[in-house]
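Pasting in a structure now, in structure tokens, and then I'll have a few things to ask.
The values are calculated or read from the model by the stated rules, or taken from the named source; none is laboratory data. Remember, it's a predicted structure, so these values are computed and weren't measured experimentally. Methodologically, a virtual Cβ is constructed for each residue, glycine included, from the backbone with ideal geometry; neighbour enumeration extends over all protein chains shown.
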Amino acid sequence: MSTVKRAVSLDQRLDERAESAARSMRVSRSRFHAIALDEYMRRLETKRMMEQMNAACAEGMDEDDRKFLEAASWNMGQILQREDQAE
């Protein structure tokens, strides 16, 4: 995997929290930031996917479509809840 270097400005308190978390995880600050950004991107992509599904389904669903959407939404909620608890 190729890598790129980025310079970012962070609030001092956020940087201290990130550095503390990196130490407790025993990873470099750079690795910690990569992990955090990857996690954030996954959540953002999941949220966007759910918004797209909801928009597509809002334009007229039959009973089977509604049941599927309810089940999919419930399952996605469970996944997101587990992810939150894993933190």
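Tell me, please, whether a residue that is touching a Lys or Arg at 6+ places or on another chain (Cβ under 8 Å), surrounded by 10 or more Cβ atoms within 10 Å (Cβ to Cβ), assigned to a helix (DSSP H, G or I) and of a type in the set (A, V, I, L, M, F, W, C) can be found in region 70-82.
yes
Identify, by number, the condition in (1) surrounded by fewer than 12 Cβ atoms within 10 Å (Cβ to Cβ); (2) part of a helix (DSSP H, G or I) that Ser9 doesn't meet.
The one condition Ser9 does not meet is (2).
Right, another one. Going by the structure shown, is Thr46 among the polar types (S, T, N, Q) and surrounded by 13 or more Cβ atoms within 10 Å (Cβ to Cβ)?
yes
Also, quick follow-up: Enumerate the pairs (first residue in region 53-64 and at negative phi and aromatic (Phe, Trp, Tyr); second residue anywhere and modelled with pLDDT under 70 and part of a loop (DSSP other than H, G, I, E, B)) with beta-carbon separation below 6 Å, excluding pairs fewer than 6 apart on the same chain, so at least 6 apart or on different chains.
As it stands, the answer is none, since no pair meets every condition given.
Only one residue in Ala21, Ala34 is in contact with a helix residue (DSSP H, G or I) (Cβ under 7 Å, 6 or more places away or on another chain), surrounded by 12 or more Cβ atoms within 10 Å (Cβ to Cβ) and without any contact (Cβ under 8 Å) to a residue 24 or more places away in the chain. Which one?
Exactly one residue qualifies, and that residue is Ala21.
Here is a follow-up. Restricting to region 24-69, name every residue that is farther than 20 Å from Leu10 by Cα and not in a helix (DSSP H, G or I).
Once the filter is applied, which keeps residues that are farther than 20 Å from Leu10 by Cα and not in a helix (DSSP H, G or I), region 24-69 yields Arg26, Ala58, Glu59, Gly60, Met61, Asp62.
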